[in-house]
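Here's a structure for you.
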Amino acid sequence: QVQLVESGGGLVQAGGSLRLSCLASGSFFRINAIGWYRQAPGKQRELVSTITSGGSTNYPDSVKGRFTISRDNTKNTAYLQMNSLKPEDTAVYYCNAVLVMGTVVRSLLNWGQGTQVTVSS
């Protein structure tokens with residue numbers, strides 16, 4: 001069964017940085033786009049970045065210029081480098097294989113446990 005395991009979260013002060021990792025099992029990783037999502041308490045899960053199998057990336061305005069998604073297909077791992085963190089970035093962060101259809105992004109797998117990111121002011 002395909003699994004995605006997120007790691008790298010933690011507590012950081014505003015302005016700090018964290019790098020999240022998403023380790024995937026199986027060869028599917030290399031042929032799928034990957035997305036990072038986050039969910040803050042009481043809010044819906046939101047997409048914060050995507051990267052296609054070819055390396056094309058996309059970000060919403062809320063994180064553009066601060067977050068960078070990357071992938072290492074040899075390690076079946078995707079990363080989310082988060083710089084200049086703000087308290088409003090506090091959330092549980094998840095990764096998933098995604099299907100990108102223009103502006104529509106659909107997650108494909110069951111959600112993992114996620115990794116908590118807490119940014120203090």
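The values are calculated or read from the model by the stated rules, or taken from the named source; none is laboratory data. Since this is a predicted model, take the numbers as computed values, not measurements. Neighbour counts are summed over all protein chains in view; Cβ atoms, including those assigned to glycine, are modelled from backbone coordinates with ideal geometry. Heavy atoms of the whole protein, side chains included, go into the accessibility calculation; ligands, DNA and RNA do not. Shrake-Rupley method; radii C 1.70, N 1.55, O 1.52, S 1.80 Å.
Return an integer: the convex hull volume of the alpha-carbon atoms of the chain, in Å³ per residue.
96 Å³
Using the Cα centre as the reference, give the magnitude of the dipole from point charges on the C-beta atoms of region 57-119 (Lys, Arg: +1; Asp, Glu: -1; all else neutral), rounded to the nearest 20 debye.
120 debye
For Tyr37, what is the net charge nearby, where nearby means another residue's Cβ is under 11 Å from its Cβ and Lys, Arg count +1, Asp, Glu -1?
Neighbour charge sum, excluding Tyr37 itself: 0.
With bins 5 Å wide starting at 0, give me the P(r) of region 40-88 over every alpha carbon pair, in whole percents.
So the P(r) values, bin by bin, are 5, 18, 26, 23, 16, 9, 3, 0.
Which whole-number value in Å² is the accessible area per residue of region 1-103, probe 1.4 Å? Mind dumping the intermediate values first?
Working: 5290 Å² over 103 residues.
Accessible area per residue: 51 Å².
Let a ≥ b ≥ c be the square roots of the eigenvalues of the Cα gyration tensor of region 54-121; is it rounded (a/c under 1.5), or, if not, prolate (a/b larger than b/c) or oblate?
Prolate, since a/c reaches 1.5 and a/b exceeds b/c.
Could you tell me what percent of the accessible area of region 1-67 is made up of carbon and sulfur, with a 1.4 Å probe and every protein chain present?
Here carbon and sulfur together make up 47 percent of the probe-accessible area.
Next question, about the same structure. Where a Cα-Cα gap under 30 Å defines reach, which lysines qualify for Lys43, not counting those fewer than 8 residues away within the same chain?
The reachable lysines, counting only those whose Cα sits under 30 Å from Lys43, are Lys64, Lys86.
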